[in-house]
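Novice: Handing you this structure, nothing more for now.
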Amino acid sequence: MLEKLHRLEQDAIEELRLVLTKEGLEPWRVKYLGRKGALTGLLREIGSLPAEQRPALGQESNRLKAALEQAYAIRLEAFAEEELRRTQQQAFDVTLPGRPALPGSLHVSTQILREIYTIFAGMGFQVVETPEVETDTTNFQLLNIPPYHPARDMWSTFHTTQTGVLLRTHTSPGQIHAMRRYCPEPIRVILPGKCYRYEQVTARHEHMFYQVEGLAVGRQVTMGDLKGVLASFARQMFGPDRRVRFRASYFPFTEPSAEMDIDCGLCEGQGCRVCKGSGWLEILGAGMVHPQVLQNGGYDPEIYSGFAFGMGSERVAMLKYGIDDIRHFFANDLRFLQQFG
Amino acid sequence: MRVPLSWLREYVDIDMPLNELADRMTYAGLEVESIENVGEHWDRDKIVVGQIVEVCRHPDADRLTIAVVDSGTGTPEAVVTGAPNIHAGDHGQKVVLARTGATLVDGHSAEFRMIKLKPTKIRGVLSAGMVCSEKELGLSDEHEGILLLEDDAPVGTPLQDYLGDTILDIDLTPNLGRCLSIIGVAREVAALTGAKLRLSEPRMQGTGPSISDQVRIEIADTDLCSRYTASLVRGVQIGPSPAWMQRRLRMAGMRPINNIVDVTNYVMLEWGQPLHAFDYDSLRGTPPDAVPTIVVRRALPGERITTLDGVERQLDPQVLLITDGGGPIGIAGVMGGRETEISQETRNVLLESANFDNLNNRRTSEMLKLPSEASLRFGRGLPAEMSILALQRASDMMRELAGGQIAQGIVDNYPVHPAERAISLRATEVKRLLGIDISRARLTEILESLGFICAPDDDPMTVRVTVPFFRQDVEIIPDLIEEVARVVGYDKIPNTLMSSELPAQRRNLSLEGEEHVRDVLVACGLSEVITYSLTNLDSVSRLDPSRGLPDPSSFVRIANPLTSDREYLRQTLMNSMLEVVRANLRFLDRVMTFEVARVYLPQAGQELPDEPRRLCLAMTGRRYPLSWTAANEGLLDYYDLKGVIETLCRRLGAANASFEPAEHPVYERGRAAALVIGGARVGLLGEVHSQVRDAFDLPAQAVCLAELSMEGLLGATPSERHFQPVSRFPATSRDLALVLEEQISSQRVHDVITEAAGRLLQSLELFDIYRGQPVPEGHKSLAFRLTYQDMERTLTDGEIDQIQARVRRDLERDLHAQVRS
Ligand SMILES: [Zn+2]
């Protein structure tokens, strides 16, 4: 009988070890500790044994009962703890949104300007700023554009009520300022800033926009250099595989004059609506500084030569980011601006 | 400039694909904007040249006729038409026959709409197709009658072969005035393709009595008119010009009028020289037995003229006029006068071909707001030599197309001959500017292809170039170099890296400072905006609703504003910023923005305004965006803005920044402060006044706004910073709570503590403010943490106690504070 008790204990403990879920505990309890369980059965058997055997066996079976109940309780608690741990683990949802760090955003025009500065800084160009309100003399005449000159049609101008004072139509007057400031040193500068044109605001035109002028003056500055610098700029700005082309053009303050196009990124040069079927998009105007303009800046055109270029930085941003309407830039809808954070 | 290819081909052969030609032109500066195919949609087998065999009345409709049209198929087809220009009994006219299934423009629709021709019965008569108007073919808006073709139009030929054409639309920069003509474009094409230019000098056959006895020309203002030529064509018959001429005019974008006017326009398009035809018999004020005299002179004070368009125009003394004995008969090179206009009754035509000063011409057409094809060309500048070429060409065409007899001779008043231009071009100059070697022989070849006359110079590297009359734009060596580069192709110039001396490199600290400010503010959570520099006084006045409009004379004002809301250059960024905040609050519940921009301040005695930079900041709405991590932390307020500005000052190294209570109409009373750096006010910050908020239609919540001087901010930034050693010894903190009267500012408390604590005080933090029981009414309790540290040793409790006692004493003495630590 004692052996029976011990076997029961061994079996029960072994079986309890194999119970892996909380739900599995109950059948075990019923089987060993239940009213009709194995232990009760044994106790009944003991009751029918001779009286002299009973006390020892009774003692042993009480111990056994207590041991099994304790084992059960420990196991139950372990399961409960595990369950609690599991729920706690689940409550820590690693996919919840993080606590937001809340930085603002730079205006897309500022970002493009910075990129332009960085690219040209790498080629030795430094940023110089000049006034937005200019004289007719600096904005036009010193750039070879006398009053009523046909080229004036290229710049619709905001005049102020003071005769001869206007809002600069381009950053090119900065060429004069820079030359007069640095003459006779060699020059490589970038002249950024706001410009203004008397133009109805449309998807392609704004009355205010940023332009970036570039100017290089030195003893051996050639048109090949102009092309080299600008092609390098275009590849750094738009990607190493982009192609550029230079076309003859006209600006009164450069001779020869050129325009630079970049292959249309939308149709990869095949021609589409955006590039009006040509496969090319115009990005900037450029040329070799006109001898008269060099002279107006204080440089002897027999000794010095130079190149200049000007680009609309919003246009650069539009091409780079696929922005279809220039009016987005100064409408200041944060939902637009924060896209470029 | 719209150039029909068929016209261009009269002067130059084109044997390359059109796209390639367009590319070459574009590379050379004649930007081909579009290539338009006239008749592209004309089905070759459904729209053909036909000839009317007979026209009969429609049995059931008076307005309609039935035309039987032969189109070479052997069986003439009957079509019903309502065209008023063919009548029962007509035959032999050449027309355009469109068969069922042809694609046409809907002639009855006001808007442009394509339709497919369906078989129709018109009032019981089956129509095999239709005879077409110009509108139906998409040639023009003409829909009055059907298009009648020339008599020699080949019957049965697809219309596309007969009338189809290609138009190159070229965008011309202002220097390319010479290409405002078919011949000018042809000359460029010849040079670019190596083809030969076919051009002969026009001649006219003058057979009538000499012109010199019939008109005299005087040029009073030779500075504005360097040449005036005239011819006289007598006995012309006014009528429509031939169909081919009308077609070309239309394709080039002009409207046919009558044979005389059309010839002047045709020759203008061909040669680039504008012409004007006067009705000779309408010339006034000729004394008996005298010859009519044309005088070219500036307008007299108060003089007026009624121009061709019927408008009476007030002139000023800079306007150049063509006058007869009765006064003005034309504004030189801009528009003719009504009095001497060519009319149906005109018999004798006085034809003018002159050269007018381009700048004066532009001034006049700008002043009178009269842009015209003539002033477009005069305004770009024309060579005087062109006058006589165009005159002869046009006179002869008039004789041919309008009948009549040309008077012998030409009146040619040519007081100012241009100097011949000769330029010596050295190959080394080409190298210096372009960076490529081009031989003298190649230079000569290129320049000669463009019509320059080249001769070798003694110097083997130099070519002597004489500029032809039609290249007025070429004045200096770089002009010639551009010609060379254009023809060689810019793409043939190799890209190089600059080999010239690198200039001294200089930092732009002002710009660096500005960018630093931007970066700090973005890190603080603000987003950058850029608003317009041009504003209106109404918007500005909303910043101070208690006052009226600001004085306009204190602003830089635009003389020609686009709209009245962009008329003044701004002097503050605040109104634009509040407008931005307002606009964004429609979509967002949290707006934190800043802008760095110039303002424009007129300076006494200076032509140009000062353009200092300002920084404007605005913050309103939720302090944190809606998130599970934060309980509702309320709305942004003054202290959020001040925190940002404090951070900014700290990052910029403006250590001595402080804030003083301030008042300003934009801000709520008691909720504004001035930022003071090094004793100077840099700007104001605060919560926007409720009335200002209302004026900008902002919601009733704290809207925080600041405007600071960038120069003030950056000027306070030390250009050099020095390393501060960090102590190796432990720091000790003591808390101090004190009860004070409400009106004592924390700044004062701060100052007293700092002063009393001395150099060992490492930091001072205000960490709590409490009002209410047991703090008495009108008082507040502030709690500070004072941290002490020394560079050389560990401080003892005793030392710190001593300092704390000093602090306590001073607070009690100076601020009547009750210290409770
Ligand atoms: Zn494209």
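Novice: Quick one: which of B:A737, B:A757 is outside the structural domain of B:V517 (by TED's automatic domain parsing), assigned to a strand (DSSP E or B) and closer than 28 Å to B:T796 by Cα?
Specialist: Working: B:A757 fails: assigned to a strand (DSSP E or B).
When all the criteria are applied, what remains is B:A737.
Residue-wise test of (1) surrounded by fewer than 16 Cβ atoms within 10 Å (Cβ to Cβ); (2) within 14 Å of another protein chain (Cβ to nearest Cβ); (3) among the hydroxyl-bearing types (S, T, Y).
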{"residue": "B:S533", "(1), (2), (3)": "no, yes, yes"}
{"residue": "B:R542", "(1), (2), (3)": "no, no, no"}
{"residue": "B:P552", "(1), (2), (3)": "yes, yes, no"}
{"residue": "B:Q571", "(1), (2), (3)": "no, yes, no"}
{"residue": "B:L578", "(1), (2), (3)": "no, yes, no"}
{"residue": "B:D589", "(1), (2), (3)": "yes, yes, no"}
{"residue": "B:T593", "(1), (2), (3)": "no, yes, yes"}
{"residue": "B:R598", "(1), (2), (3)": "no, yes, no"}
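Novice: Name every residue in segment A:267-308 that is among the small types (G, A, S), more than 16 Å from the ligand (Cβ to nearest atom) and under 21 Å from A:F246 (Cβ atoms), in order of residue number.
Specialist: From segment A:267-308, those among the small types (G, A, S) are A:269, A:271, A:277-279, A:285-287, A:297-298, A:305-306, A:308; that's our starting set.
From what's left, more than 16 Å from the ligand (Cβ to nearest atom): A:285-287, A:297-298, A:305-306, A:308.
Those that are among the small types (G, A, S), more than 16 Å from the ligand (Cβ to nearest atom) and under 21 Å from A:F246 (Cβ atoms): A:G285, A:A286, A:G287, A:S305, A:G306, A:A308.
Matching residues to (1) surrounded by 22 or more Cβ atoms within 10 Å (Cβ to Cβ); (2) away from chain A (no Cβ under 14 Å):
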residue	(1), (2)
B:I388	no, yes
B:A394	yes, yes
B:M398	yes, yes
B:P415	no, yes
B:V430	yes, no
B:A441	no, yes
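Novice: Do the conditions hold for A:A234, that is, is it among the small types (G, A, S), more than 8 Å from chain B (Cβ to nearest Cβ) and within 32 Å of the chain's Cα centre (by Cα)?
Specialist: Details: among the small types (G, A, S): yes; more than 8 Å from chain B (Cβ to nearest Cβ): yes; within 32 Å of the chain's Cα centre (by Cα): yes.
The answer is yes for A:A234.
Novice: Restrict the check to segment A:186-197 and report whether at least one residue is without any contact (Cβ under 8 Å) to a residue 60 or more places away in the chain and hydroxyl-bearing (S, T, Y).
Specialist: no
Novice: Residues to consider are B:A485, B:A504; find the one that is within 7 Å of another protein chain (Cβ to nearest Cβ) and outside any loop (DSSP other than H, G, I, E, B).
Specialist: On the way: B:A504 fails: outside any loop (DSSP other than H, G, I, E, B).
Going through B:A485, B:A504 in turn, the sole match is B:A485.
Novice: Also, I was wondering about something else. Residue by residue through segment A:142-187, note down the ones that are more than 8 Å from chain B (Cβ to nearest Cβ) and in a strand (DSSP E or B).
Specialist: A:L166
Novice: With respect to B:M254, determine if the residue is surrounded by 22 or more Cβ atoms within 10 Å (Cβ to Cβ) and either closer than 21 Å to B:E352 by Cα or basic (K, R) (or both).
Specialist: On the way: surrounded by 22 or more Cβ atoms within 10 Å (Cβ to Cβ): no; either closer than 21 Å to B:E352 by Cα or basic (K, R) (or both): yes.
Taking the combined requirement at face value, the residue does not satisfy it.
Novice: I need every pair where a residue in segment A:263-286 that is touching a residue at least 60 places away in the same chain (Cβ under 8 Å) and within 26 Å of A:F307 (Cβ to Cβ) has its Cβ under 6 Å from the Cβ of a residue that is assigned to a strand (DSSP E or B) and near the ligand (Cβ under 6 Å from one of its atoms), sequence separation at least 6 or different chains.
Specialist: Listed by first residue and then by second, the contacts come to nothing, as the list is empty.
Novice: If you don't mind, there's one more thing I want to ask. Any idea which of B:R547, B:R566, B:R582 is assigned to a helix (DSSP H, G or I) and surrounded by fewer than 22 Cβ atoms within 10 Å (Cβ to Cβ)?
Specialist: Numbers: B:R547 fails: assigned to a helix (DSSP H, G or I); B:R566 fails: assigned to a helix (DSSP H, G or I).
Of the residues listed, the single one that is assigned to a helix (DSSP H, G or I) and surrounded by fewer than 22 Cβ atoms within 10 Å (Cβ to Cβ) is B:R582.
Novice: With the condition being polar (S, T, N, Q), I'd like the helices (runs of 4 or more DSSP H) fully within segment A:26-130 carrying at least 2 qualifying residues. Before you say what the answer is, go through the steps one by one.
Specialist: Working: elements: A:38-47, A:54-91, A:108-121.
The qualifying helices (runs of 4 or more DSSP H) are A:54-91, A:108-121.
Novice: State yes or no: is A:T110 free of Cβ contacts under 8 Å to residues at least 24 places away in the same chain, facing chain B (nearest Cβ under 7 Å), in contact with a strand residue (DSSP E or B) (Cβ under 7 Å, 6 or more places away or on another chain) and over 25 Å from B:L626 (Cα atoms)? Break it down into steps so the answer makes sense when it comes.
Specialist: Values: free of Cβ contacts under 8 Å to residues at least 24 places away in the same chain: yes; facing chain B (nearest Cβ under 7 Å): yes; in contact with a strand residue (DSSP E or B) (Cβ under 7 Å, 6 or more places away or on another chain): yes; over 25 Å from B:L626 (Cα atoms): yes.
Yes.
Novice: Looking only at segment B:612-640, count how many residues are in contact with a Phe, Trp or Tyr (Cβ under 6 Å, 6 or more places away or on another chain) and either closer than 27 Å to B:A597 by Cα or more than 11 Å from every other protein chain (Cβ to nearest Cβ) (or both). Step through it out loud before you land on a result.
Specialist: Initial filter on segment B:612-640 (in contact with a Phe, Trp or Tyr (Cβ under 6 Å, 6 or more places away or on another chain)): B:617, B:630, B:633.
Next, from what is left, pick out any that are either closer than 27 Å to B:A597 by Cα or more than 11 Å from every other protein chain (Cβ to nearest Cβ) (or both): B:617, B:633.
Number satisfying all stated conditions: 2.
Novice: Just give me the residues in segment A:324-339 being out of contact with any helix residue (DSSP H, G or I) (no Cβ under 6 Å at 6 or more places or on another chain) and more than 9 Å from chain B (Cβ to nearest Cβ), in sequence order. Full working, then the answer.
Specialist: Initial filter on segment A:324-339 (out of contact with any helix residue (DSSP H, G or I) (no Cβ under 6 Å at 6 or more places or on another chain)): A:324-325, A:327, A:330-331, A:333, A:335, A:337-339.
Residues satisfying the conditions are A:D324, A:D325, A:R327, A:Q339.
Novice: Can you confirm whether B:G513 is farther than 30 Å from B:P209 by Cα, of a type in the set (G, A, S) and either in contact with a helix residue (DSSP H, G or I) (Cβ under 8 Å, 6 or more places away or on another chain) or at the interface with another protein chain (Cβ under 10 Å from one of its Cβ atoms) (or both)? Steps first, please.
Specialist: Details: farther than 30 Å from B:P209 by Cα: yes; of a type in the set (G, A, S): yes; either in contact with a helix residue (DSSP H, G or I) (Cβ under 8 Å, 6 or more places away or on another chain) or at the interface with another protein chain (Cβ under 10 Å from one of its Cβ atoms) (or both): yes.
Yes: the conditions hold for B:G513.
Novice: Restricting to segment A:309-319, name every residue that is away from the ligand (no atom under 16 Å from the Cβ) and out of contact with any strand residue (DSSP E or B) (no Cβ under 7 Å at 6 or more places or on another chain). Step through it out loud before you land on a result.
Specialist: As a first pass, look at segment A:309-319 and keep what is away from the ligand (no atom under 16 Å from the Cβ): A:309-314, A:316-317.
Hit for segment A:309-319 is A:A317, nothing else.
The values are calculated or read from the model by the stated rules, or taken from the named source; none is laboratory data. Note that this is a predicted model, so its numbers are computed, not measured. A quick note on method: Cβ atoms are made from the backbone with ideal geometry, for glycine too, and the neighbour counts reach across all protein chains shown.
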